[in-house]
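What follows is a single structure, written as structure tokens, with notes after it.
None of the figures in this text is laboratory data; all of them are computed from the coordinates on show. These figures come from a predicted structure and were not determined experimentally. Glycine also receives a Cβ, built like all others from the backbone with ideal geometry; neighbour counts cover every protein chain displayed.
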Amino acid sequence: MKLVRQYLQFVARTPVLIVAMVVTVALAATFPALPLGGEMLDVRQGYDHGEVMAAMEQYGEAGRRVYVWASATLDMLFPIAAFSLLAGLITRLRPNERLGTLAFVPIAGAVFDFGENIQIMAMLGGYPDISTTQVTAASTFTQLKWLAINASFLLVIGFGLTALLRRMLRARRER
């Protein structure tokens with residue numbers, strides 16, 4: 001637990017937040033430019049076996065090779081940067097110490113994203129032999145990742161608005 005607290009204190013520092021934001025934006029801008037031949041499964045809210053098979057066919061052999069490479073490299077760095085950014089913002093903006101445990105939401109999101117990436121790489125490498133069980137596992141990780149992302153954004157917005165309101169009230173009292 002001490003290690004996690006140290007990590008959260010580290011990612012809440014301004015220089016780390018800036019680097020995490022730059023890396024997140026750069027990687028997010030890179031993904032659509034990859035020559036896959038179709039939309040990445042990662043950006044969907046979920047998918048079924050038929051959708052995965054259609055996407056795999058649409059990617060073609062070259063697109064599947066690019067996608068597996070991107071999943072093993074860029075898309076393993078992305079959750080580290082993006083979810084560190086969200087965890088750092090939640091830690092930095094939390095209204096009190098008790099609410100600091102909510103920084104675990106983006107950490108869980110990163111774990112789900114890694115699970116999603118591993119499943120997608122396995123499907124890309126195993127095509128055309130992809131089971132419905134494997135697709136269900138991958139889609140579940142994807143859905144949980146998006147749930148964690150949305151919850152993290154709501155926490156950042158809520159804590160940010162709370163911090164702004166507190167500053168405005170403090171400034172008003174000091175006048």
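Couple of notes before you dig in:
- For the pair the stretch 50-74 and the stretch 10-27, the centres of their Cα atoms are 28 angstrom apart.
- The angle between the Cα long axis of helix 14-30 and the longest principal axis of the Cα atoms of the chain comes to about 30 degrees, rounded to the nearest 10.
- Between Ile157 and Arg98, the FRET efficiency from the beta-carbon distance, with R0 = 22 Å, is close to 0.70.
- Karplus-derived HN-Hα couplings along the stretch 160-175 (A = 6.51, B = -1.76, C = 1.60, θ = phi - 60°), whole Hz, x at Gly and Pro: x, 5, 4, 4, 5, 4, 4, 5, 5, 5, 4, 5, 5, 5, 7, 7
- Three-way shape label, the stretch 74-175, alpha-carbon gyration tensor, a/c 1.5: prolate
- Between the labelled values (1) 34; (2) 49; (3) 38, the entry that holds percent of Cα pairs over 26 Å apart as derived from this structure is (3).
- Choice from Gly88, Gly46, Gly109 with maximal GNM fluctuation in the chain (Cα, 10 Å cutoff): Gly46
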